[in-house]
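The values are calculated or read from the model by the stated rules, or taken from the named source; none is laboratory data. Every value quoted in this text rests on a predicted model; they were computed, and no experiment measured them. Don't worry about glycine lacking a Cβ; one is built from the backbone with ideal geometry, like all the others, and counts go over all protein chains shown. Note: areas computed on protein heavy atoms with side chains; ligands, DNA, RNA excluded. Shrake-Rupley method; radii C 1.70, N 1.55, O 1.52, S 1.80 Å.
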Amino acid sequence: MVSLPLLLSPSALAVAGNRPSTEIRAVQLRGDASLTRVEIETSSRLAPRFFMLDAPRRAVLDLPGARLAPGLSLPRASGAVRSVRSGRPNPATLRLVFEVDAATRVRLLPDPLRGARLSVEFAAHDAAAPRFDVATPAAMPDAAPRVAVVASHMPRDTGREVVVAIDAGHGGTDPGAIGRQGTREKDVVLRIARALAQRINAEPGMRAVLTREGDYFLTLRQRMQRARAARADMFVSVHADSVGNSGVSGASVYVLSEKGATDEQARWLAERENAADLKGGVSLDDKDQMLASVLLDLSQAASISASMEAAERVLRSLDRVGEVRKPRVQQAGFVVLKSPDIPSMLVETAYISNLDDERRLGQDAYRERLADAMFAGVRHYFEEHPPEGTRFASERKGSTPATTALR
């Protein structure tokens, strides 16, 4: 489950290697030592990542896909903010660092979330301004990873296992796509899912849960529900694509699109009195419409950000197995990807409509290699972003978050 970052609204995420496309047009500081507001005007909406660092205390805002407008100067120290500087932890991400006093609290301002403007308040510890402390980074450990994964159903530092829900597409009365030689998608993806589950279960600190273990039908919502019931830290749906052009081949990986997130948010808000709590332990049924919408915005954008990072690792691993049809992670509104608080991806392992791909999917050795690649990508993600309280987190203790580019 992903923690809720400070400032989020669902948006298309930049893929590493792309030239940043969103301009930061203005960064302004207003206020005094007791309460200071930072306002960041952008050319389009962003999905920031936020974390805190100490010695000295710094609020760090990573902006994927952003760049400073030509000639833009960052503001000088003012109020509660001692300094402002920028850098790049990677070519596709702009980092803004605000150095503040040790006792400073960070507060989310929900009003600007719908527009191309980001706003954060820095309040002195005794300031009268109310705190927005529903699982925001201000309430989390200061050295939390940029996209922390937090499973609230277990105490911290228990060494619990990371739970990965593996969803074999189709099943039962739904055969999925059928190849020219009669290979059924539902059969090959179940074999791949089982092989992936075996690898995960053999890895110390990881556990797999299959949404379906045999040849039976599940609705798309049932697949999501089974992952939520298992308290999954990640959801991986396995498919084999099909198109009319039999010459098309290769693998691709998808995460949720902005439109898919928006549609799902409307569904959750309409049904929140019957909806399960978000995995951070946050209930929607006792919140007004505005706050419930903000909480879903936070959770969904964090989930999409984490999904994108994990999917990129899986895609790179698949590229070492065979042809990759789409070299970048794609975004779509697939229903199974719509859990607002579980990082989710859909892997099209190959095109069953292509004779060569169909033949490979029928080979045990190739399916094993696909499972190896997906496992390597998922494990790599959790090694870099260990869920709190897990064995991965225990093994990583003492290390520093990936902030070496600018501290």
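Here are some notes:
- Note that segment 390-395 has calculated 3J(HN,Hα) couplings of 9, 4, 4, 5, 4, 5 Hz, one per residue in order, obtained from phi through the Karplus relation 6.51 cos²θ - 1.76 cosθ + 1.60 (θ = phi - 60°); glycine and proline are x.
- Amide H within-cut-off set for residue 230, under 5 Å, with H built and near neighbours excluded: none
- Note, ³J(HN,Hα) from phi for segment 367-374, Karplus 6.51, -1.76, 1.60, rounded to Hz, x at Gly and Pro: 4, 5, 5, 4, 4, 4, 5, 5
- Estimated FRET transfer efficiency when R0 is 45 angstrom, pair residue 33-residue 316 (beta carbons, to 0.05): 0.45
- Across the protein chains, with a 1.4 Å probe defining accessible surface, the residues 385, 380, 170 rank 380, 170, 385 from largest area downward.
- Under the simplified labelling scheme, the residue 219-residue 101 pair shows an inter-label distance of 5.5 nm, with each label point 7 Å from Cα along Cα→Cβ.
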